[in-house]
Every structure is written in structure tokens, then in C-alpha cells.
Amino acid sequence: MSSDSIQQAIIMGNVASISTDVNQLLNEGVNSQNILDEQLLPGMAIVGDRFKRNEMFLPQVLMSAQAMQTAIDILKPHLAGNSEARQRQTVIIGTVKGDMHDIGKNLVRIMLIGAGFEVIDLGVNVPTQRFLEATTQHQAAVVCLSALLSSTMNNMKDVVATFRNHSDLKDTKILIGGAPVSHEFSQNIGADGYAPTAPAAVERVQQLCGQ
């Protein structure tokens with residue numbers, strides 16, 4: 001099977017096809033890390049690039065994200081026991097307390113996975129303490145905060161301030177995003193960056209991780 005078939009399944013958001021193809025490769029003895037690095041990640045990179053250039057739109061990207069998540073779910077047990085699996089940097093992501101919106105967050109999550117990061121999704125309405133606990137537990141390199149409401153974006157300020165006042169976590173890189181958020185707001189609250197789109201979030205996380 002060529003890598004083109006899996007890449008096309010990712011690009012087209014074909015969940016049934018991706019499931020069959022990934023399982024077939026595993027049954028043929030193909031290394032799970034190779035499937036991820038050489039076939040799935042390049043396919044999702046194409047999706048991210050096309051989305052950035054407005055050649056793909058949100059519904060299509062969400063279908064691609066679902067296909068990618070399906071493939072990752074199949075590979076996870078094999079990657080966990082794979083001696084060749086490389087160490088991936090961990091990113092914590094969540095929507096801040098009081099905010100129940102998750103479409104943008106979910107898109108960033110899957111595109112970060114597609115870029116090779118280990119992503120811990122805390123969901124929506126996440127209190128500050130939960131971000132701290134998860135960052136400590138998973139030794140995360142970056143924390144991504146999402147908010148879609150102007151009434152909840154100020155909760156980002158509380159999260160950032162709590163991290164900056166924590167002796168062990170004060171240097172944690174924090175990236176923020178969401179419709180009411182801006183680069184200026186990011187600077188005002190002491191975050192390390194702002195991303196207006198999912199592809200921009202991936203690029204900014206890569207920069208913060210020195211990639």
C-alpha cells in the first residue's frame with residue numbers, strides 16, 4: 001500500500017478508509033511509528049497548509065481531523081509498546097472556566113497531534129488549578145488556553161498569573177487563542193503568544209518548543 005492512499009484518506013476525511021488502511025499496515029508488520037511519521041503526519045500537514053491558504057474550509061478540516069483521530073486511536077496501543085517510538089513533547093489544551101465552546105480547541109488539538117505532539121485535552125470549563133495539575137503531571141512544554149466569549153477571556157489572565165506566581169511552573173510557555181483574543185491582550189496578561197487560527201497555533205507551539 002502506498003502512503004498516498006493514507007494521505008488521501010486524511011485529506012478527504014475518509015474515516016472508514018483510514019481505519020482499514022491503518023489496520024492493514026499493522027497486520028503486514030509495518031512499524032506503528034513509521035505509519036505515524038511517514039504517512040499520517042504528512043497527510044495532516046497538507047490539510048493544515050491548505051486550510052491556511054483557504055483551499056480547505058472548517059467542515060472539511062474537521063472531517064480530516066476525525067480521520068486522523070481514528071488513526072491515532074488505532075495506533076496508540078502499538079505506539080505505547082513500540083521501542084522505536086520517539087519522545088514527543090506534551091501540550092496541555094483546554095477552554096477556560098465559564099466557557100463551554102470547543103470547536104476551535106478541538107481543531108487545534110488534532111492539528112497539534114498531526115504535527116507530532118502529545119496532546120492532553122482537558123475539555124471545556126477548565127478551572128485554573130486543573131491546568132496547573134495537568135502541567136505538573138504530564139511535564140508539559142506548552143499550555144494552550146481557549147476562550148470564545150469576551151466575558152470568559154479574562155479568566156485567561158487568572159491562569160497566566162497563577163502560573164507566573166508558581167515556583168515550579170512560572171516559566172511554562174502559555175499560548176492563548178479564541179475569537180475575542182488578540183496579540184495585545186496576550187502581551188497584557190503575560191502570555192507567551194497568541195494564535196488567531198489553528199495552523200498559526202501549531203506554528204507558534206513549534207516555535208515555543210524550539211522546533
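Structure values in brief
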{"read-out": "Distance in nm between pseudo-label sites at Q60 and N23 (7 Å out along the Cβ direction from Cα)", "value": "2.9"}
{"read-out": "Dipole magnitude of region 3-80, debye to nearest 20 (Cβ charges: Lys/Arg +1, Asp/Glu -1, about Cα centre)", "value": "280"}
{"read-out": "Region 50-56 - phi-based ³J(HN,Hα) in whole Hz, Karplus 6.51/-1.76/1.60, Gly and Pro as x", "value": "5, 5, 5, 8, 6, 9, 10"}
{"read-out": "³J(HN,Hα) computed for each position of region 142-154 - Karplus, 6.51 cos²θ - 1.76 cosθ + 1.60, integer Hz, glycine/proline x", "value": "9, 10, 10, 10, 10, 8, 10, 10, 5, 6, 10, 5, 5"}
{"read-out": "Value of relative contact order over the chain, rounded to a whole percent, pairs C-alpha under 8 Å and six or more apart", "value": "18"}
{"read-out": "Charge dipole of the chain about the Cα centre (unit charges at C-beta), most positive-ward option of A45, F185, V96", "value": "F185"}
{"read-out": "T95 long-range amide H proximity, modeled H, under 5 Å", "value": "G123, V124, N125, V126, S146"}
{"read-out": "Placed amide H near K173: partners under 5 Å, 5+ positions off or other chain", "value": "V143"}
{"read-out": "Value in Å of the Kirkwood radius, where region 3-80 supplies the Cα pairs that are averaged", "value": "12.2"}
{"read-out": "Theoretical gain in end-to-end length, Q137 to T162 [0.36 nm per residue, Cα-Cα removed]", "value": "7.3 nm"}
{"read-out": "Value of [θ]222 nm, deg cm²/dmol, for the chain, DSSP H segments ≥ 4, -39500 (n - 2.57) each, nearest 500", "value": "-16500 deg cm²/dmol"}
{"read-out": "Rounded to whole Hz, the Karplus (6.51, -1.76, 1.60) HN-Hα couplings of region 184-198, x for glycine and proline", "value": "5, 4, 4, 5, 5, 9, x, 6, 8, x, 9, 10, x, 9, 4"}
{"read-out": "Which of V202, V126, I11, positive extreme of dipole for the chain (C-beta unit charges)", "value": "V126"}
{"read-out": "Helix 128-138 axis, angle to the chain major axis (alpha carbon atoms, nearest 10°)", "value": "40"}
{"read-out": "On Cα atoms only, tilt of 103-114 relative to the major axis of the chain in degrees", "value": "50"}
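Values in this text are rule-based calculations from the coordinates and carry no lab data. In this text, all values refer to a predicted model and were calculated from it rather than measured experimentally. Heads up, the Cβs are rebuilt from the backbone with ideal geometry, glycines too, and the neighbour counts pull from every protein chain shown.
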